[in-house]
Amino acid sequence: MTKLWSPITVGRMQLPHRLAMAPMTRSRAQADGTPGKLAALYYFQRASMGLLITEGTQPSADGQGYLFTPGIYTDAHIAGWKQVADRVHAAGARLVIQLMHVGRVSHPDNTPHHRQPVAPSALAPGIQMFTLQGLKDIPVPRALSTAEVRATVDDFRRAAAAAIQAGADGVEIHGANGYIVHQFLAENANLRTDEYGGGPACRARFGIEVAEAVAAEIGSDRTGFRISPGNTAAGISEGPSGLDVYRALIPALRRLNLAYLHVMHRGPDDFLDEIRRMWPEPLVVNRAGRPREQIAADVEAGRADIASIAAWSLANPDLVERLRQGAPLNTPDRSTFYGGDAHGYTDYPTLAELAAHG
């Protein structure tokens, strides 16, 4: 793991090593979307990761899908995230807020305005959503008009400005996991006939315009973008031209001089190698379920500049120290991943705490 521990510059951020905390939904915000009282402690505890990419944060009321996820579009949201950013900075780390508009992956019961979900096209994802009344079928979304698509781009821009006002070091545009940017990219979710639908370049247009708007608002060197090629989450099928959409998207993002590209990667490495050729700038790679001994493999091989870690950083607030020492890792408790209180959130023990308690 020699290269893993070398410093790196990503946009405006100077990072001490090549690990980052991956974005993970925790569903512990207050009902109005303000980060909960424990959120600042949760991120502070994991500050040794250097770069902390937050849980998905909705840029508007339309952008919320799940219960108790945070927002970044009201004064209360800004104040809540400022408490998080202040504690993270006091510990010497950097905070990037992930902007996550879920599009059709929503239910009226979970949003502040209780309206029908919005999406590129009026196509339901064919899955269920957890609500306070239990699991319910996600309804057919309302297709955005062309003017509303442009207004949604502006929602991302305003949310990015709010994130910087809250003290974040940057934002990451969530273009993965079946949410709205990914819906525009995918053949089975985007049947539009305007400039935002059709061939690969047109399906990539929305994501590119979001990146352009955010970069113009806060600076390209404070803007990241996440993708997950081939991901079938939330009923997504990218179709036969799926990779061609990314071949249109990635070079366009590169021309914007973004701080980094974040790839959630599964499957063979052929397309990841192609992404690396298209994106020689800072590349963050996340591999779900990779064994511990493979954490540094992509960085050491040059396929990635940073490895983002999800569940292990959730369960090990001192993951960096444990990896450096070769120490055992806490086991993530999946039953506490979403919702609840401090249990499974801020009570995972560090090595020092375990030693103190024998």
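The values are calculated or read from the model by the stated rules, or taken from the named source; none is laboratory data. Computed from a prediction, not measured in an experiment: that's the story for all the values here. Note that each Cβ is placed from the backbone with ideal geometry, even for glycine, and that neighbours are counted across all protein chains shown. Ligands, DNA and RNA are stripped out before the accessible areas are found, and what is left, the full protein with its side chains, is counted by its heavy atoms. Shrake-Rupley method; radii C 1.70, N 1.55, O 1.52, S 1.80 Å.
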| How much solvent-accessible surface does THR2 expose, in Å² to the nearest 10, with a 1.4 Å probe and all protein chains in place? | 120
| Hey, any idea what % of the range 222-320's accessible area is carbon plus sulfur with a 1.4 Å probe? | 50
| query | So which DSSP H runs in the chain come out at 15 Å plus along the axis (Cα) with average Kyte-Doolittle of at least -1.0? | reply | 75-90, 146-165, 205-218, 242-255
| request: Go through the range 8-54 and name the trypsin sites (Lys or Arg not before Pro) that are in a DSSP coil and have 12 or fewer other Cβ atoms within 10 Å of their Cβ. | output: ARG12, LYS37
| (i) 122; (ii) 157; (iii) 167: which one is volume of the Cα convex hull per residue in Å³ as calculated from this entry? | (i)
| message | Give me the dipole magnitude in Debye, nearest 20, for the chain about the Cα centre, with unit charges on the beta carbon: positive for Lys and Arg, negative for Asp and Glu. | response | 260
| field | Residues with amide H under 5 Å from that of ALA122, placed H, sequence gap 5 or more | value | ALA143
| task | Return the long-range amide H neighbours of THR57 (sequence gap of 5 or more, or a different chain), with a cut-off of under 5 Å between placed amide H atoms. | result | GLN98, LEU99, MET100
| Euclidean distance between Cα centres, the range 82-151 to the range 11-78, Å | 14
| Highest-MSF residue in the chain out of GLY175, GLY134, GLY36 [GNM, Cα springs under 10 Å] | GLY134
| Positive dipole terminus of the chain, leading residue within ALA85, ALA356, LEU132 (C-beta point charges) | ALA356
| query | Taking the Cβ of ALA355 as the center, what net charge do the other residues with Cβ under 15 Å away carry, scoring Lys and Arg +1 and Asp and Glu -1? | reply | -2
| message | So for each of 333-346, 101-114 I average, over its residues, the number of other beta carbons within 10 Å; can you give me the resulting order with the highest mean first? | response | 101-114, 333-346
| said: What is the percent carbon and sulfur in the accessible area of the range 100-212, measuring with a 1.4 Å probe over the protein chains and ignoring ligands? | reply: 53
| request: Roll a 1.4 Å probe over the protein heavy atoms and report the accessible area of GLU212 in Å², nearest 10. | output: 90
